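Following: one structure in structure tokens, then a few remarks.
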Amino acid sequence: MIDRRQFGRLAAALAVGLAAMPALAADPVRIAFIDPLSGPFAAVGTSGLRQFQFTADEINKAGGVLGGRKLEVIGFDNKVSPAESLIQLKRVIGEGIQFIVQGNSSGVANALIDAVAKHNEREPDKRVLYLNYSAVDPSLTNEKCSYWHFRFDANADMKMNALTDVIAADKKMKAVYIIGQDYSFGKAVAEAAVRDLALKRPDIKIVGNELHPIGKVKDFSPYIAKIKASGAQAVITGNWGADMLGLAKAANDAGLDIPFYTYYAAANGITKAIGAGGVNKVRLVGEGPGNGKSNAANLDLNKRYKKKWPDEDWTQPRTHTTLWMLAMAINKAKSTEPAKVAAALEGLTYTTLWGDIDTMRASDHQLQMPVRIFVHTNKNLETDLDNSGFGLVTESTVSAHTASTPTTCKMQRP
């Protein structure tokens, strides 16, 4: 079971709404999950949907929101396409759903943030709130920030700052190759890597800086051949899903024996593909406890999720944070009206299941949170990934204060 402290915090929030809307206790609060459920990134999207639905069940068992209303997460397949995402958004709005969650692809996020803002301005009686759990293009909480958008993951700049600290500490490192997907996130990763390394280790040479089509490369061996030929001593990549899986397989097949510094090199088949070849060489920046900082409640959650989905892993703790903070905000607002829930989310502080204290910064709606560096290994594991015997162990933690970056957001409030 989740520890009593965690349940106690939500129970106190739920109590606020006990008398608020008893007549609506049977009416679920619907949340639209707009992410890929087919195509090359279906594994990532399907896993995310299941983790959101699992978390919704946890909240519902704890009493739901507003005195007993349940949360219901419904999947909408966007095929990781911005155009298809806008079609699904229209469906969601037409069905009267007030909350959307999305995280796979900052290209999609850029389309949704604009569309939601325009819709809410045109139809204030049918507003929706956009909860971004994983699209980390920094512009979304800077020049493109919106009152109707909240991000529950560290942005790409926050993560790259932590990764380049690790790279800079290696005094033998002299040459790095950057490779990523050709869209807004991949470009943001590359720009941050170049900028941060120039500040921290100007002696390190960028021997390659390449973008490839997202979700379309079937064979990454030509890219790996270029990396080997460049003399790179390490690779930096923001690749995720099928593109990270393909890159990892090609690197192993070619015997590329250098460190990889990554954002999403784990789970959904990636950990298994990396296998023994990546031990102590593949590092990932992210959130959550990882092995080595788990606790009884988190391990129990992992076991219960694994019991329900034996071939999957609990890989996205931010889904848990997103929904629990939404539940707290709904109860604080005593309403599901998006503008009121948004106001309640601003400045909201939440203690995660694994003990981190996260705060939603009001000025730009960027969650302030600790960031961790994990290493791929088969040692000291409480839980592995892909049923492979390999997993992630926490190497270092960057505090929320240190991980925080300034914002240029000039938010227009309703």
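The values are calculated or read from the model by the stated rules, or taken from the named source; none is laboratory data. It should be emphasised that the depicted structure is a prediction, and the values quoted were computed from it without experimental measurement. Here Cβ is always computed from backbone atoms with ideal geometry, including for glycine, and neighbour counts include all displayed protein chains. SASA here: full protein model, heavy atoms, side chains in, ligands and nucleic acids out. Shrake-Rupley method; radii C 1.70, N 1.55, O 1.52, S 1.80 Å.
Here are some notes:
- Extending 7 Å from the Cα toward the beta-carbon at both residue 72 and residue 229 defines two label points whose distance is 5.7 nm.
- Approximating the spin labels as points 7 Å out from Cα along Cα→Cβ, the residue 198-to-residue 412 distance works out to 3.2 nm.
- Accessible area per residue in Å² at 1.4 Å probe, computed on the chain: 38 Å²
- Sorting the segments 205-211, 389-395 by their residues' average number of neighbouring beta-carbon atoms within 10 angstrom, most packed first, yields 389-395, 205-211.
- Note: relative contact order over the chain, using C-alpha pairs below 8 Å and six or more positions apart, is 18 percent.
- Simple spin-label estimate for residue 90 and residue 397 in nanometres, 7 Å along Cα-Cβ: 4.7 nm
- With R₀ set to 25 Å, the beta-carbon distance separating residue 83 from residue 191 gives a calculated FRET efficiency near 0.45.
- In segment 270-337, inverting the average of 1/r over every pair of distinct C-alpha atoms gives 14.7 Å as the Kirkwood radius.
- Cα convex hull of segment 309-394 - mean projected area over all directions, nm²: 7.0 nm²
- Share of carbon and sulfur in the accessible heavy-atom surface of the chain [1.4 Å probe, %]: 54 percent
- Viscosity 1.002 mPa s, 20 °C: Kirkwood-radius Stokes-Einstein D of segment 35-142 over Cα pairs, µm²/s: 147 µm²/s
- Segment 199-228 and segment 98-157: distance between their alpha carbon centers, rounded to Å: 29 Å
- For segment 323-369, the normalised intensity computed at q = 0.13, 0.16, 0.22 Å⁻¹ comes to -0.26, -0.39, -0.71 (log10 of I(q)/I(0), Debye sum over alpha carbons, equal scatterers, no solvent).
- Gain in span if fully extended, residue 279 to residue 123, counting 0.36 nm per residue against the direct Cα distance: 50.9 nm
- Taking amide H as placed 1.01 Å from N in the peptide plane, residue 99 has its amide H under 5 Å from the amide H of 32, 129, each at least 5 places away in sequence or on another chain.
- Hz values of 3J(HN,Hα) by residue in segment 117-125 - Karplus curve (6.51, -1.76, 1.60), Gly and Pro given as x: 4, 5, 4, 5, 6, 6, 10, x, 7
- DSSP finds beta bridges in the chain, and of those with both partners inside it, around 35 percent are antiparallel.
- Between residue 395 and 373, 374, 375, the built amide H atoms are under 5 Å apart, and every one of these is 5 or more places off in sequence or on another chain.
- Take each peptide in 300-313, 249-262, count the other Cβ atoms within 10 Å of every residue, and average; sorted highest first, the result is 249-262, 300-313.
- Cα convex hull of segment 218-339, projected area averaged across orientations, nm²: 10.7 nm²
- Across 172/216; 118/332; 171/228; 200/228, pairs whose alpha-carbon gap is larger than 30 Å: 172/216
- The value of relative contact order for segment 185-280, using C-alpha pairs under 8 Å at least six residues apart, is 27 percent.
- Pairs over the 26 Å Cα-Cα cut-off, from the set 90/306; 70/308; 159/187; 70/126; 340/410; 61/90: 90/306; 61/90.
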